[in-house]
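In what follows, a single structure is set out as structure tokens and then discussed.
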Amino acid sequence: MIAAMASGAVKGAIDLSALSMAAVYALCIVPLAIILWNRVALFGEAIVALVRMTLQLLFVGVYLQFVFRLDSPWLNGAWLVIMVVVADVSIVRRSGLRLRRFVLPLFAALLAGLAIPLLYFLGPILGREGLLEAQYAIPLGGMILGNCLRADIIGLKSYYEAIRTREREFLHALAQGATLGEATRPYLREALKAALGPTVATIATIGLVALPGMMTGVILGGTEPMTAIKYQIAIMVAILTGTAITVLAAIWLTTRSSFTAHGPLDETIFRK
Amino acid sequence: MKTAEAAAIRIENLALRFEGRSVLENLSLALPEGGRVTLTGPSGSGKSSVLRCVMGFAVPASGNVFVRGERVTGHSVWKLRTQLAYVAQEPVLAAGTLREEFERPFEYRANHGARGNLEKLPELLERFLLPQELLDQDVVRLSGGEKQRAAIVSALLLDRRIFLMDEPASALDTAARDAVLEFFRERTDLSVLVVSHAPQGFDLGGRAIALPERARAGGAG
């Protein structure tokens, strides 16, 4: 950032040649040597991680280049929907819940959490005529969705596990005449806090501890730092909005079918 | 679905299964309005599960439960629960102070109308030997007996008339037990269904029904 400001003129990022990339991988010798030298049980994992990263990003790079070149709103929309599906399945897997019952409501919850802030950003704020222009829709959508994914996993896990482990407390509320909505409200509140807490904490310390990834990218891409921070503020607000919407929707949309007609939690929603 | 002479609770041919095993079969009983019935039986005989079935927290394998003539179903139970007081053996109260525990249920729409009853709280606390200072204490620090009496007080504040009590004597010391017994002996307008493995410790009169022991039916209490 400092270098870019000092030079006065802002340029686009320099492409890395094959030789440069080889040099990048050569730098891996340092962390790998530290791992080996101290016999940290992480060497194999680190190698696999580096290989995976390379292959995954190569795939995304090739695909995105194709998407950006065509820049068709339909293709861009389809890409976002595919990302929603991948996120959807990944949430259900990682939250220990039964796939069949949760995939559809979660798809809707993710779509809502992604579409509402993204379209608001692309439409009224950026005023793009082509609403789903690849240059904006794909990276912004990806960032919002990634955070929705994380928030939904934390939120759903917190909600259903709290009700399961504190079942008697939950039944106590039912015994006192609570409706399902009233009896689940404390758990909803806790789940939202657990899911949104990390985003709020990130917002509070942004720029102090670490330069956010998006800002780094935008600055590397040759944009003025002041423009970069405006995008960063906008994306943080979009993420907070998206995560709040998606967690609330995920819990609302799954609650009705996750409890028996009499009120107790339906234990069959858990995989084991 | 109301029947002519509606008992407070009527149980017809109730059968319970726990993890595929039969825990209880063919239980029928009627608790008249203002009546007292004690279900006795060793642990594992399914006593507590009978109360859970009345509350809708467990679903019987077969048979029916009626509350004031209305059959307990997934649809009706939400309304019927607002007439029932469930006093668990060791009640688990939501985190917070005892005062919050008493006030919280009035936030539920079903109890909005009874809010004025909170005025009776000091009198009820005294009646059940619960000192006023307990109100500001965290519920996790209450003893089992204090929680049981708190659950009774809470139900009375909510105008509940049908009491389901699971082992009411187990956690209470003599003085507290006498206070509870004396209260229910006076209040003949309340209907009480007690389950207990040692009924001699908590004698409210009325009928006693002994459940047979079931082999290896543990866990259903």
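Bear in mind these aren't lab numbers, they're just calculated from the coordinates by the rules spelled out. Bear in mind that the values here come from a model prediction, so they are computed numbers and not experimental data. When we count neighbours, we look across all protein chains shown, and the Cβ atoms used for this are built from the backbone with ideal geometry, even at glycine.
The angle between the Cα long axis of helix A:99-120 and the main principal axis of chain A comes to about 50°, on a 0 to 90 degree scale. Counting beta carbons within 10 Å around each of A:I35, A:I245 and listing the fewest first gives the order A:I35, A:I245.
By the count of other C-beta atoms within 10 Å, a proxy for reagent exposure, A:Y136, A:Y63, A:Y187 are ordered fewest to most as A:Y63, A:Y136, A:Y187. Based on C-alpha pairs under 8 angstrom that are at least 6 apart in sequence, chain A has a relative contact order of 27 percent. With the simple spin-label model, which puts each label point 7 Å out from Cα in the Cβ direction, the A:V86 to A:R98 separation comes to 2.9 nm. Remark: chain B carries a charge dipole of roughly 860 debye about the Cα centre, counting +1 on each Lys and Arg Cβ and -1 on each Asp and Glu Cβ.
Neighbour counting of Cβ atoms within 10 Å sorts the residues A:S90, B:S170, fewest neighbours leading, into A:S90, B:S170. Using the Cβ-Cβ distance between B:D203 and A:T268 with R0 set to 51 Å, the FRET efficiency from 1/(1 + (r/R0)^6) comes to roughly 0.75.
For the stretch B:1-89, the set of trypsin sites (Lys or Arg not before Pro) satisfying both a DSSP loop assignment and a count of at most 14 other C-beta atoms within 10 Å is given as B:K2.
Fully extending the segment from A:I34 to A:R185, taken as 0.36 nm per residue of separation minus the present Cα-Cα distance, adds 49.5 nm. Distance from the Cα centroid of the stretch A:250-270 to that of the stretch A:134-169 is 18 Å (rounded to whole angstrom). Under the criterion of Cα pairs below 8 Å and six or more residues apart, the relative contact order for chain B equals 33 percent. Given the C-alpha centroids of the stretch B:19-73 and the stretch A:46-124, what is the distance between them in whole angstrom? Here the answer is 51 Å between Cα centres.
Note on B:55-63: average number of Cβ atoms from other chains within 10 Å of each residue's Cβ is 3. Note on A:I47 and A:L70: the model spin-label points, each 7 Å out from Cα along the C-beta direction, lie 3.8 nm apart. Once the Cβ-Cβ distance of B:D159 and A:E161 is raised to the sixth power relative to R0 = 56 Å, the FRET efficiency obtained is 0.95. Can you bin the stretch A:16-70 into rounded, prolate or oblate? Criterion: square roots of the alpha carbon gyration tensor eigenvalues sorted a ≥ b ≥ c, rounded for a/c under 1.5, prolate for a/b above b/c, oblate for the rest. In terms of gyration-tensor shape, oblate.
Across the stretch A:7-160, Cα-Cα pairs farther apart than 20 Å form 65% of the total.
Mean sequence separation of contacting Cα pairs (under 8 Å, at least six apart), scaled by the length of the stretch A:144-272, corresponds to a relative contact order of 40 percent. Among the trypsin sites (Lys or Arg not before Pro) within the stretch A:14-74, those in coil by DSSP and having at most 13 neighbouring Cβ atoms inside 10 Å are A:R39. Given the protein assembly as shown, what whole percent of its Cα pairs are spread farther than 44 Å? Result: 36 percent of Cα pairs exceed 44 Å.
For chain B, excluding the exposed loop sites themselves (GluC sites (Glu not before Pro), DSSP loop, at most 10 other Cβ atoms within 10 Å), the longest remaining stretch covers B:20-221. Peptide B:94-104 has a mean shielding of 2, counted as Cβ atoms of other protein chains within 10 Å of each residue's Cβ. Toward the positive end of the charge dipole of chain B, with +1 on the Cβ of Lys and Arg and -1 on the Cβ of Asp and Glu, the farthest Cα among B:L129, B:G20, B:L158 is that of B:G20. The charge dipole of chain A, taken about its Cα centre with unit charges on the Cβ of Lys, Arg, Asp and Glu (plus for the first two, minus for the last two), comes to roughly 640 debye. From the square roots a ≥ b ≥ c of the eigenvalues of the alpha-carbon gyration tensor of the stretch B:1-56, which class results: rounded (a/c under 1.5), prolate (a/b over b/c), or oblate? Prolate is the answer for the stretch B:1-56, as a/c is 1.5 or above and a/b outweighs b/c. Taking the longest Cα principal axis of chain B as reference, the axis of helix B:174-186 is set at about 70 degrees.
Taking the Cα centre of the stretch B:140-181 as reference, the dipole from Cβ charges on Lys and Arg (+1) and Asp and Glu (-1) amounts to some 140 debye. Sites listed here are GluC sites (Glu not before Pro) in the stretch A:41-150 whose DSSP assignment is loop and whose Cβ has at most 13 other Cβ atoms within 10 Å: A:E129.
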